[in-house]
Amino acid sequence: MTGGAGFIGCALSQRLAGQATSWTVIDNLLPQVHPSGERPADLHEAATLVRADVSQEQTWTELDGAPADTIIHLAAETGTGQSLFEASRHGLVNVVGTTRLTDWLSRQQRLPKHVLLTSSRAVYGEGRWVRADGSDFYPGQRSHEMLSGMTWDFVGAAATAARADLTHPSPTSVYGATKLAQEHILSAWALSQQVPLTVLRLQNVYGPGQSLTNSYTGIVTLFSRWAKSGKEIPVFEDGQIVRDFVYIDDVAEAVARGLGAPTPGLRILDVGSGVPTTIHGLATHLALVHAAPAPVVTGQFRDGDIRHGVADLAVTRRELGFEPKTDLATGLSRLQTWIDAQDEG
Ligand SMILES: NC(=O)c1ccc[n+]([C@@H]2O[C@H](COP(=O)([O-])OP(=O)(O)OC[C@H]3O[C@@H](n4cnc5c(N)ncnc54)[C@H](O)[C@@H]3O)[C@@H](O)[C@H]2O)c1
């Protein structure tokens with residue numbers, strides 16, 4: 001497992017313990033995510049941690065000959081906004097890190113039985129929208145001019161929920177472009193080698209264990225902390241940005257199900273809650289819970305941000321029997337309990 005000491009990797013380690021007896025995690029404990037530089041307490045003891053960088057050739061040569069029946073590729077630079085200004089860093093880790101992995105796999109005597117990639121809803125960009133007359137189109141990226149003129153939406157059209165078999169990828173962030181590149185690299189390799197590949201396109205994952213110090217990811221954690229400290233939560237655009245917040249345990253369950261049932265060839269599945277939530281709705285809920293002032297709609301924006309991101313889970317339900325179990329109110333309450341424990345500890 002690469003990147004297995006991160007937020008999703010640790011939750012997955014708890015979910016897989018007992019099912020898998022041991023596994024190797026390659027993770028460089030990126031300081032932005034792991035400020036202490038220590039092995040995370042939530043990483044199950046069955047995992048052997050190799051502290052190394054997936055983008056470095058030496059990491060892989062040192063692992064030559066190591067058994068690898070199943071590959072779970074999580075390691076990534078994940079800052080959507082940050083990626084616009086630190087594109088090479090995202091390219092190096094996400095793209096070259098993936099080609100290093102396939103080069104390593106090609107050198108080994110035995111092929112893996114299954115490769116699983118955690119991709120992202122960021123590959124869709126704005127995705128597919130529908131006009132009032134029912135025709136659909138891909139609006140592409142909102143321009144800086146559009147956003148600075150406070151035109152947030154594509155006029156006369158409505159967004160659709162993203163589903164891999166219906167929505168073409170069209171990323172609007174460098175991060176999204178690198179996640180799509182990971183998909184393409186792994187599918188080119190896996191299909192040529194007849195290794196089953198599962199790609200899970202995750203929506204916005206939140207919950208206990210998400211880095212409290214990484215200001216580039218985790219809007220739910222950030223808002224929760226603001227509200228807890230009694231501050232007004234600043235909400236971008238007109239507050240009506242829509243996201244699909246999916247609880248970490250549901251994501252770990254989806255990954256475990258994806259691992260349990262490989263199918264020949266490539267399959268791409270969406271993982272989310274399937275529920276649209278506005279950023280203003282999220283902020284209002286958290287402000288009420290903490291008796292903090294009402295959120296403030298600031299009209300600020302970030303270039304490259306998408307307006308609407310929600311998953312259509314129909315295929316994932318059918319293929320994996322996956323059903324998200326944790327609603328947002330329950331998930332936020334568990335997250336808060338965890339944040340409180342971290343603050344006290
Ligand atoms: N969390 C989300 O909302 C979300 C949404 C969509 C997709 N994903 C994807 O899921 C995967 C895991 O994300 P996460 O939320 O657990 O993020 P995370 O930042 O908590 O975990 C990523 C892990 O990768 C490690 N890493 C980073 N660069 C590395 C490198 N060069 N070499 C080795 N390890 C490196 C980090 O130290 C970290 O432990 C990523 O591929 C991400 O793109 C996450």
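The values are calculated or read from the model by the stated rules, or taken from the named source; none is laboratory data. It should be emphasised that the depicted structure is a prediction, and the values quoted were computed from it without experimental measurement. Note that we place each Cβ from the backbone using ideal geometry, even for glycine, and neighbour counts take in every protein chain shown.
Quick notes
- Enumeration of residues in region 94-124 that are crowded, with 24+ Cβ neighbours inside 10 Å and either within 9 Å of the ligand (Cβ to nearest atom) or more than 29 Å from Asp312 (Cβ to Cβ) (or both): Asn94, Gly97, Leu101, Leu117, Thr118, Ser119, Ser120, Arg121, Ala122
- Residue check, Thr48 closer than 24 Å to Thr99 by Cα, more than 21 Å from the chain's Cα centre (by Cα), near the ligand (Cβ under 9 Å from one of its atoms) and in contact (Cβ under 8 Å) with a residue 24 or more places away in the chain: no
- The one condition in (1) among the hydroxyl-bearing types (Ser, Thr, Tyr); (2) farther than 25 Å from Gly274 by Cβ; (3) more than 16 Å from the ligand (Cβ to nearest atom) that Thr160 fails to fulfil: (2)
- Residues that are over 23 Å from the mean Cα position of the chain (by Cα) and within 12 Å of the ligand (Cβ to nearest atom) within region 60-78 comprise just one, Trp60.
- Residue match in region 21-32 (condition: more than 12 Å from the ligand (Cβ to nearest atom), touching a residue at least 12 places away in the same chain (Cβ under 8 Å) and over 30 Å from Thr263 (Cβ atoms)): no
- Residue within region 143-160 that is touching a residue at least 40 places away in the same chain (Cβ under 8 Å) and under 24 Å from Glu77 (Cα atoms) present: no
- Checking each residue in region 1-20 for being more than 6 Å from the ligand (Cβ to nearest atom) and either in a loop (DSSP other than H, G, I, E, B) or basic (Lys, Arg) (or both) picks out Met1, Gly4, Arg15, Gly18, Gln19.
- Filtering region 277-307 to residues that are not hydroxyl-bearing (Ser, Thr, Tyr) and not in a loop (DSSP other than H, G, I, E, B) leaves Ile279, His280, Gly281, Leu282, Ala283, His285, Leu286, Ala287, Leu288, Val289, Val296, Val297.
- The set of residues in region 52-71 being in contact with a helix residue (DSSP H, G or I) (Cβ under 9 Å, 6 or more places away or on another chain), surrounded by fewer than 16 Cβ atoms within 10 Å (Cβ to Cβ) and assigned to a helix (DSSP H, G or I) consists of Glu57, Thr61.
For (1) within 20 Å of Asp249 (Cα to Cα); (2) crowded, with 19+ Cβ neighbours inside 10 Å; (3) touching a strand residue (DSSP E or B) at 6+ places or on another chain (Cβ under 9 Å); (4) at pLDDT 95 or above, each residue gets a yes or a no:
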site	(1), (2), (3), (4)
Gly4	yes, yes, yes, yes
Gln14	yes, no, no, yes
Ile26	no, yes, yes, yes
Pro35	no, no, no, no
Leu43	yes, yes, yes, yes
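- In region 110-136, the residue that is nearest to Asp305 (Cα to Cα) out of those that are touching a strand residue (DSSP E or B) at 6+ places or on another chain (Cβ under 8 Å) and of a type in the set (Gly, Ala, Ser) is Gly127.
- Here Leu313, Leu335, Leu320 are screened, and the one residue that is under 24 Å from Gly79 (Cβ atoms) and either crowded, with 20+ Cβ neighbours inside 10 Å or aromatic (Phe, Trp, Tyr) (or both) is Leu335.
- Among the conditions (1) within 8 Å of the ligand (Cβ to nearest atom); (2) touching an Asp or Glu at 6+ places or on another chain (Cβ under 9 Å), the only one that Glu57 does not satisfy is (1).
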